[in-house]
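J.: I'd like to ask you about the structure that follows.
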Amino acid sequence: MPLAEQVKEMKELRNGYNIVGLSQGNLIGRGVLQFCAGGPPVKNFISLGGPHAGTASVPLCGSGVLCIIADRLIKSEIYTEYIQDHLAPSGYLKLPNAIPSYLEKCRFLPKLNNEVPGEKNSSYKERFTSLQNLVLIMFEHDTVLIPKETSWFGYYPDGTFNPVLPPQQTNLYAEDWIGLKTLDEAGKVKYISVPGNHLGISRRDMKRYVVPYLVDKASRKRSIENDSGVQSKKIEQTATTIDKKTSTKAIFEGSSSYFWPSSIKSFVAELLGLMEEPLPPDT
């Protein structure tokens, strides 16, 4: 069953839910939000290191000679049918010097960002602008996303790798293809920069920038107004219903056969623990 249909079938989400996206998972989350007609409402979207405007380099093994060679070989064929079918990052790799090929043959990001001329879909913008909050977290020393500003929807101009445009100067924002400008002008977009490499968020920053959007509005308001912070009273429904007595192990294993990488396991386990602690003062 397609993911969008699974989301519609989940009774726990009918009153709305929040999305916390990690890296390319942000694009999947946005796909659910923008493509899922008749789905349950997404309240808050918290993005950590998401390649929202694309990436100009294939995220592979690093900066060694072999990785550089592999990167160049893949880029030369990135928009071929075979690579688009078999390499997930090819769906959001946007080469500024190959924009016509990107728009014509890249199968995912041009549609998600409503970029294709003559094929704009107003429903994507309508669903995206239904968010209560869009939290965009960029990692200051990110070496995986090129440029790192893509986490904020910033990117290179068409045809060149220099300079990096802030989101407000991109066509996606200026022409409001998906409603980013609309959300921003309504005060619903939070542009946050934290130290660290890709997804290397500290416990303190998780607690300050992620957790407040996963608790009820009253608790979030008190955390902003009171210097001392408060204990959250209620945890809203997220992608799954989590009983306070449910172990992290049970959440991951459950009835799913999906293998969770240890880094994702540790992030979610950390997040669940932080949601039970008092929120920090807003400084």
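The values are calculated or read from the model by the stated rules, or taken from the named source; none is laboratory data. Nothing here was measured: the structure is a model prediction, and the numbers come from that model. As a convention, Cβ positions derive from the backbone with ideal geometry for all residues, glycine included, and neighbour counts pool all protein chains shown.
J.: Which residues, counting only those in segment 84-97, are surrounded by fewer than 17 Cβ atoms within 10 Å (Cβ to Cβ) and of a type in the set (A, V, I, L, M, F, W, C)?
T.: L87, A88, listed by residue number.
J.: Return the residue satisfying two criteria in turn: it lies in segment 119-154 and is touching a His at 6+ places or on another chain (Cβ under 9 Å), outside any loop (DSSP other than H, G, I, E, B) and of a type in the set (F, W, Y), and of such residues it is nearest to R30 (Cα to Cα).
T.: W152
J.: Does R30 count as among the charged types (D, E, K, R) and buried (at least 22 other Cβ atoms within 10 Å of the Cβ)?
T.: yes
J.: Filter segment 11-48 for residues that are farther than 26 Å from A88 by Cα, in contact (Cβ under 8 Å) with a residue 12 or more places away in the chain and not in a strand (DSSP E or B) and give the result.
T.: Within segment 11-48, E12, L13, R14, N15, G16, G38, P40, P41 meet the criteria.
J.: Only one of these is surrounded by 12 or more Cβ atoms within 10 Å (Cβ to Cβ) and at pLDDT below 95: S232, S255, S193, S247. Name it. Talk me through it step by step, then tell me what you get.
T.: Working: S255 fails: surrounded by 12 or more Cβ atoms within 10 Å (Cβ to Cβ); S193 fails: at pLDDT below 95; S247 fails: surrounded by 12 or more Cβ atoms within 10 Å (Cβ to Cβ).
Selected residue: S232, the only one of S232, S255, S193, S247 that is surrounded by 12 or more Cβ atoms within 10 Å (Cβ to Cβ) and at pLDDT below 95.
J.: How do the pairs read when you match residues in segment 171-184 that are more than 18 Å from G159 (Cβ to Cβ) and free of Cβ contacts under 8 Å to residues at least 24 places away in the same chain with residues anywhere that are assigned to a helix (DSSP H, G or I) and aromatic (F, W, Y), using Cβ under 7 Å and keeping only pairs 6 or more apart or on different chains?
T.: K181/Y173
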